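As structure tokens, the structure follows; a few thoughts come after it.
The values are calculated or read from the model by the stated rules, or taken from the named source; none is laboratory data. For clarity, every value in this text was computed on a predicted model and none was experimentally measured. Note that each Cβ is placed from the backbone with ideal geometry, even for glycine, and that neighbours are counted across all protein chains shown.
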Amino acid sequence: MVNLGDQHNEETLTIIENFIPKIKHCLHNTDYQEREDLEQEIKLKIIEKLATVRFQDAPSFWDFFS
Amino acid sequence: MEKDNQKIEDFFYRNNEQVNNPIIKSFLSDSQNLYLVQKAILYPTDINKKLVDESFQSHYINVRKTKYVSNLIYFFSLDFDKKRRRLQNRSLLILDKGLSEKDGKTAIEGIEDASNETELDNIVGEGLLDNIEDEQLLKSLQKLTVKQLQILEMIYVKELSIKEIAQTLQTTPQNISNLHRKALNKLNNTLRKKGE
């Protein structure tokens, strides 16, 4: 259980790190006083969503080929 | 070996459309995935096919996650700003009404009056020499010519631009800037001598 959690955390962390340029870009959607807050909120939201949303029902590779 | 290559090429040729599907394309661009697929084409056993499927499914989920997070960031930032604006409009900063019900103090009373500061300046005196606290600097300044002092005062006390000063003294901006530089050099020299 602990191992699974660790793995999940690490994965979330890499996803956030990979998305930092995109986050920085989107900070321009708000006032400059609010940007630090927004950055934190976005990261929080990503963590929350990656923990709760289930990404399943991937199709089989061979479904694409007849 | 050549027959193998032929077989793989045949497979991709036959399924050209699917191979150009973005998700399949990105999956096959990884050399390890491509190797697994080739193996499964040559030896279509259940195990080989299953290996491809597992790899593909994790790739697929990763792509979906990336897409999801990307959208999440974008739309969340928009929503965040909308929410912020709404809150801001709801609670405007009102200066001339009581801060709380009990006392009649208003926010505007807490704001310092900037014009007070200029009044204080008037008491001390507006000139450059009036505002110097350092004795050595004062002595050095007194050694400058009247014109140099005038220029320094206009630049640092009245905060005029070089152009404006040139206009009031009826000379060129270059001249002002020269005199300014000379004055600073002279100050620098006299201060250094005293320091030694």
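Numbers below:
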read-out: Within the range A:28-40, considering residues that are at pLDDT 90 or above and surrounded by 16 or more Cβ atoms within 10 Å (Cβ to Cβ), the one nearest to B:VAL63 (Cα to Cα); value: A:GLU39
read-out: Members of the range A:9-57 that are out of contact with any Ser or Thr (no Cβ under 8 Å at 6 or more places or on another chain) and outside any helix (DSSP H, G or I); value: A:ASP31, A:VAL53, A:ARG54, A:PHE55, A:GLN56, A:ASP57
read-out: Hits in the range B:69-92 (condition: more than 7 Å from chain A (Cβ to nearest Cβ) and either acidic (Asp, Glu) or assigned to a helix (DSSP H, G or I) (or both)); value: B:ASN71, B:PHE75, B:ASP79, B:LYS82, B:LYS83, B:ARG85, B:ARG86, B:LEU87, B:GLN88, B:ASN89, B:ARG90
read-out: Residue match in the range A:53-60 (condition: surrounded by 13 or more Cβ atoms within 10 Å (Cβ to Cβ), of a type outside the set (D, E, K, R), in contact with a helix residue (DSSP H, G or I) (Cβ under 9 Å, 6 or more places away or on another chain) and more than 8 Å from every other protein chain (Cβ to nearest Cβ)); value: no
read-out: Members of the range A:1-51 found to be facing chain B (nearest Cβ under 10 Å) and of a type in the set (S, T, N, Q), listed by number; value: A:THR12, A:ASN18, A:ASN29, A:THR30, A:GLN33
read-out: Given (1) surrounded by 14 or more Cβ atoms within 10 Å (Cβ to Cβ); (2) at pLDDT below 85, number of the condition B:LEU93 does not satisfy; value: (1)
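Quick grid of which residues meet (1) in contact with a strand residue (DSSP E or B) (Cβ under 7 Å, 6 or more places away or on another chain); (2) assigned to a loop (DSSP other than H, G, I, E, B); (3) over 11 Å from B:LEU128 (Cβ atoms):
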position	(1), (2), (3)
B:GLU153	no, no, no
B:ALA166	no, no, yes
B:THR171	no, yes, yes
B:ASN178	no, no, yes
